[in-house]
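Visitor: Quick one: the structure is below, questions incoming.
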Amino acid sequence: MSQHALKTSTSELESEVSRRRTFAIISHPDAGKTTLTEKLLLYAGAVDLAGAVRARKNQQHATADWMELEQQRGISITTAALQFDCRGYRINLLDTPGHQDFSEDTYRTLMVTDSAVMVLDSAKGIEPQTHKLFQVCRLRRTPILTFINKLDRPGRDPLSLLDQIEQELRIGPVPMNWPIGNGPTFKGVYDISKQQVLLFGRTNHGQHRAPVQVHDLYDSVLIDLLGHAEHKQLVEEIELLDAAGASFNLEQFLAGNITPVFFGSAINNFGLDPFLQALLDLAPAPGPRVSSRGMVEPTREEFTGQIFKIQANMDPQHRDRVAFMRVYSGRFEKDMQLYHSRLQKKVRMTRAYRFFAREREIVEEAFPGDVVGLANPGLFNIGDTLCSGQLIKFDDIPRFAPEHFCILHNQQISKYKQFNKGIEQLVEEGAIQVLFFTDSLRKEPVLAAVGELQFDVVVARLDSEYGVATSIERLPFTCARWALCSPEKQAGIVWPSRSKLARDREGRLVALFSSDWEVNFCLEKNPGLTLQELG
Ligand code: G4P
């Protein structure tokens, strides 16, 4: 390659990286994640009418995510990411299933995102699932923007919400705007840095952008509009905020120490435009990643990427498994040969796709921040690294310890091949793990999952995708531990009477317990035994 060509491609790579924004939205169910997503699409110009994402909400599994958008032009839809362009930026909104039983999928996605938006319901503040997801972001110090939603309903006092964020999440909340009115009197927001008042008008079902009037704080028209009492209250609140002096600092935000806070109403499109603009301005472009060879910069010429999600049977026509890869550095090109770090072999990227609902389109190129779907004939595991040039490995994507267990009964023994194939492929997706009791001759699989609903999904998918009828028998265990001790000592171990032993697919001994008390009892009784959390 000539020196000139190299330079051009480096600067192209730099500019593609700098215009990428890859983020996920985290929230407790019902706080408004789906509505906010929909409204971000509306304000980004990616859809003409809000309402398209709604249908996905009640779906139990990510399979059909974003399907409703299939008619919309210019949006690339996968079950892993939603890609659209906005004001010169390319946005990858990573999908995070809302229900807590699917949170393992969400946790993994949060490992590959560059920033996150935390949505809170103004009446409820921080809820249990917000807490959990926030802590996962914290692990990587992911920068978080906060959107306090549903200001059109009577909610908690804004200052007490900020206080709760600070006290419970231990992150500094910095209000970027301030709500004017609350509940039925919510009219708009005061933009703190621009020192402007934005008053929004309602539209039919919030399907269109809300009309906005911009005023100076001391504008006489504004005083007339708000009335003296409300205007006085607003001025006092702003003076109070000024005195509190919590100003935004980009470095602190990028380090995950502070979160800029925005108030609004996603359903009415109040405060959406300033929030979208802030997201583009503040959310970081793809940054460096820790690897076995130190930091990998996104602008590094050699390609690197990591598999973070696997989904079987996305397309009933093709019946294949798709592994979703987040691009970390370099440029992905169709047909390129990449090194599979775990298998230590080269793989040609012939079947790399971007999904448009049921349709799939070959990906010609992709850049850091993007998500590419690779048809996966059992080649990839979650966490695998792909790279060109120097061999590199990224940190594993952590697994979360299962808390629910059941026996899966195959009701159609003649279909044992489909049954085994189904289990194998669903295990590969990472939502369940399989164990086998050591004392059972029938070798029926014991499923272990982080969320109980996963079992229902397994039964439904085995039926619809593999044609096998199954049923589940719940087990009373709540935790599983790998039992590590020398083989000679194994026979002498005293197990609590209600615990049970199993082996995982690699043949490792796993003990199932009904409580932490049993785990501690077992450790006390058996010096020399190590019990390691299954993850
Ligand atoms: P989620 O994805 O976080 O679970 O939340 P989702 O957006 O589905 O919103 C949950 C409920 O809250 C929905 O009502 C939605 O319309 C409502 N909602 C979202 N944003 C706002 C807001 O800014 N103000 C108000 N008042 N409500 C909001 P639903 O009754 O469950 O569904 P639907 O009948 O409205 O579709």
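Visitor: Net charge around ALA123, counting only other residues with Cβ within less than 10 Å of its Cβ (Lys, Arg = +1; Asp, Glu = -1)?
Guide: +3
Visitor: Continuing with the same structure: How many nm is it between the label spots at ARG138 and ASP219, if each spot is 7 Å from the Cα in line with the beta carbon?
Guide: The two pseudo-label positions are separated by 4.1 nm.
Visitor: Would any residue of segment 512-535 have its amide N under 14 Å from a label point 7 Å out along Cα→Cβ of ARG503? List them or say none.
Guide: none
Visitor: Using a Cα-Cα cut-off of under 30 Å, which lysines could be cross-linked to LYS124, ignoring same-chain neighbours fewer than 8 residues away?
Guide: Within the straight-line limit of under 30 Å, LYS124 reaches these lysines: LYS33, LYS39, LYS57, LYS132, LYS150, LYS187, LYS194, LYS232.
Visitor: Do you know the relative contact order of segment 289-387, to the nearest whole percent, from alpha carbon pairs under 8 angstrom that are 6+ apart?
Guide: Contact order relative to length: 33 percent.
Visitor: Follow-up question, since we're still on this one. Please list, by residue number, every one of the trypsin sites (Lys or Arg not before Pro) in segment 427-492 that is coil in DSSP and has at most 15 other beta-carbon atoms within 10 Å.
Guide: ARG442, LYS443
Visitor: Measure nothing fancy, just the Cα-based angle from helix 228-244's long axis to the longest principal axis of the chain, in degrees from 0 to 90, nearest 10.
Guide: 60 degrees
Visitor: With axes computed from alpha carbons, what is the tilt in degrees of helix 416-428 against the longest principal axis of the chain, rounded to the nearest 10 within 0 to 90?
Guide: Roughly 40 degrees, rounded to the nearest 10.
Visitor: Any chance you could check the Cα centroid distance between segment 116-188 and segment 481-510 for me, in angstrom?
Guide: Their Cα centres are 45 Å away from one another.
Visitor: Oh, and also: For the residue pair ALA123 and SER9, what label-to-label distance in nm results when each label sits 7 Å from Cα along the Cα-to-beta-carbon direction?
Guide: The modelled label-to-label distance comes out at 5.6 nm.
Visitor: In percent, how large is the relative contact order of segment 110-212, given Cα pairs closer than 8 Å and 6 or more residues apart?
Guide: 20 percent
Visitor: Expected output is a single nm value to one decimal: the length gained when fully extending between MET295 and ASP242, i.e. 0.36 nm times separation in residues minus the C-alpha distance. What is it?
Guide: So the chain would gain 15.1 nm between MET295 and ASP242.
Visitor: Can you give me the angle between helix 272-282 and the longest principal axis of the chain, using Cα atoms only, in degrees from 0 to 90, rounded to the nearest 10?
Guide: 70 degrees
Visitor: Here's something else I'd like to know. Between their Cα atoms, which of LYS443/LYS500; LYS309/LYS443; LYS421/LYS443; LYS417/LYS443; LYS393/LYS443 are more than 24 Å away from each other?
Guide: LYS309/LYS443; LYS393/LYS443
Visitor: Hey, could you get me the Stokes-Einstein D for segment 283-425, Kirkwood radius over alpha-carbon pairs, 25 °C and 0.890 mPa s, rounded to whole µm² s⁻¹?
Guide: 148 µm²/s
Visitor: Tell me, what are the semi-axes, in whole angstrom and largest first, of the equivalent ellipsoid of the chain as set by the roots of 5 times the Cα gyration tensor eigenvalues?
Guide: Value: 43, 29, 23 Å, ordered largest first.
Visitor: Starting with the highest mean, order 381-389, 108-116 by the number of other Cβ atoms within 10 Å, averaged over the residues of each peptide.
Guide: In decreasing order of mean packing, 381-389, 108-116 become 108-116, 381-389.
Visitor: Let me ask something else about it. How high is the FRET efficiency between VAL347 and LYS421 when r is their beta carbon distance and R₀ equals 22 Å, given to the nearest 0.05?
Guide: Rounded to the nearest 0.05, the efficiency is 0.50.
Each reported figure results from applying straightforward, stated rules to the coordinates on display, with no laboratory input. The structure presented is a predicted model; accordingly, all values stated were derived computationally and were not measured. Neighbour counts run over all protein chains shown; Cβ positions are idealised from the backbone, glycine included.
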